[in-house]
Amino acid sequence: LDVIRPQAVILMESELWPNFLRECKARNVPVIVANGRISDRSFERSARVALLLRPIYRLVTRWLMQSEMDAQRATKLGALNVAVSGNLKYDIGDGAQPDKLQAATEQLNQLFALERAPLIVAGSTTEGEDEMVLAAFAALLEGKARGVRDLLVAQESQPTSSGPACSPHRPRLLIAPRHPERFAQVAELIAASGFNWTRRSQADAQSAQAEVILLDSLGELAALYQFAAIVFVGGSLVAKGGHNILEPAIYGKPIIVGPHMFNFREITSEFLRREAVLQLPANAASAELAQAWQRVLTYTAFAQWLGENAQQTVAANRGATLRTVEAVAHLLR
């Protein structure tokens, strides 16, 4: 601090270092907690020692919290000058990419023919979940041939813009494990499932024919959401707390999550309130996931409505960045 001599310090979300805060206070350096959040687990633990934490919380000059619940929790733990600024994650942009990255993404699209048939993207899957995803995909394909044939006959006899309309192409699945160290394990699961499959890292001229694609790479998932017909966000069928649903939402994609979204409780609640995400019931497994995929693939009007609601939910909640910048500027005046 003596070397840098900051005019202010900004701490993100829930990172609090007591000694550092005391040193800032001693030097009259204001401290702002931006995009603040207090998880269920953290609040439960902190509430037990609230009297000890209160002096530490009051070393923070300004608290900018993601939600009203986070603000209430911070106040109960002793924080002063608390406000709700919203979640910075909503300000992630509109999905536009730099030209170089977009060109690389388009190359993947061409290599794997991602737009040839409905693509189901299972993003950020975790241990214990990939088996259910693969089982759901198998169940979907087993019922798909009958469903497509019946739907095509129905469409020919009675065309409609809002009823069932399913592509005659068999759906394909792209699995993106959350952790790179699980790439090999998931590859073994896919190989054992009997699907025609390929790995992103071993793509060749035959990759376009693969039923299942393993995305064993880093930094490409968010951009590939734009090619999805459906997105399942992982970490939610098992009790891991879920992952970010905003990345597919900015592309207006229909999103399905499991029952365990506690790490993104506020965002999920907002999406559910606006009917912008389809959440599976408690104890859901492969059967329920397959049924949800079938519903979205079968009813295009429903899929479009769900995706548009997701995109609109992101747009309606933007602005946290500006509010945070204004709060920092106010302290520096």
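The values are calculated or read from the model by the stated rules, or taken from the named source; none is laboratory data. As the structure is a computational prediction, the values presented were derived from the model and not from experiment. Quick reminder, even Gly has a Cβ in these numbers, built from the backbone with ideal geometry, and neighbours come from all protein chains shown.
List of remarks:
- Being assigned by TED's automatic domain parsing to the domain that holds Ala138 and surrounded by fewer than 17 Cβ atoms within 10 Å (Cβ to Cβ) holds for only one residue in Phe262, Phe227, and it is Phe262.
- Residue in region 30-44 that is nearest to Met65 (Cα to Cα), counting only those that are surrounded by fewer than 20 Cβ atoms within 10 Å (Cβ to Cβ) and touching a residue at least 60 places away in the same chain (Cβ under 8 Å): Ser39
- When each of Gly234, Gly241, Gly252 is tested for being buried (at least 17 other Cβ atoms within 10 Å of the Cβ), on the phi > 0 side of the Ramachandran plot, in contact with an Asp or Glu (Cβ under 8 Å, 6 or more places away or on another chain) and of a type outside the set (Lys, Arg), the lone residue that passes is Gly252.
- In the set (1) on the phi < 0 side of the Ramachandran plot; (2) surrounded by fewer than 17 Cβ atoms within 10 Å (Cβ to Cβ), the condition left unmet by Arg5 is number (1).
- Scanning region 71-93 for residues that are buried (at least 16 other Cβ atoms within 10 Å of the Cβ) and among the small types (Gly, Ala, Ser) returns Ala71, Ala74, Gly78, Ala79, Ser85, Gly86.
- Summed over region 90-139, the residues that are among the charged types (D, E, K, R), in a helix (DSSP H, G or I) and either modelled with pLDDT of 95 or more or touching a strand residue (DSSP E or B) at 6+ places or on another chain (Cβ under 9 Å) (or both) give a count of 2.
- Test result for Ala320, hydrophobic (A, V, I, L, M, F, W, C) and in contact with a helix residue (DSSP H, G or I) (Cβ under 7 Å, 6 or more places away or on another chain): yes
- Contacts under 7 angstrom Cβ, first residue in region 125-139 being closer than 19 Å to Ser217 by Cα, partner in a loop (DSSP other than H, G, I, E, B) and of a type outside the set (A, V, I, L, M, F, W, C), 6 or more apart: Thr125/Arg178; Thr125/Gly234; Thr126/Arg178; Thr126/Gly234; Thr126/Gly235; Thr126/Lys240; Glu129/Gly234
- Residue in region 232-242 that is β-branched (Val, Ile, Thr) and modelled with pLDDT under 95 present: no
- Selected residue [of a type outside the set (Ser, Thr, Tyr), part of a loop (DSSP other than H, G, I, E, B) and surrounded by 13 or more Cβ atoms within 10 Å (Cβ to Cβ)] from Arg318, Arg295, Arg323: Arg318
- Residues in region 214-249 that are touching a residue at least 40 places away in the same chain (Cβ under 8 Å), within 20 Å of Ala103 (Cβ to Cβ), out of contact with any Pro (no Cβ under 7 Å at 6 or more places or on another chain) and assigned to a loop (DSSP other than H, G, I, E, B): Leu215, Glu220.
- Options Phe227, Phe195; residue that is closer than 27 Å to Gln107 by Cβ and in contact with a Leu (Cβ under 7 Å, 6 or more places away or on another chain): Phe227
- Test: residue in region 55-70 that is of a type in the set (Val, Ile, Thr), farther than 18 Å from Val314 by Cα and surrounded by fewer than 15 Cβ atoms within 10 Å (Cβ to Cβ): no
- Some residue of region 174-191 being among the β-branched types (Val, Ile, Thr), modelled with pLDDT under 95 and in a helix (DSSP H, G or I): no
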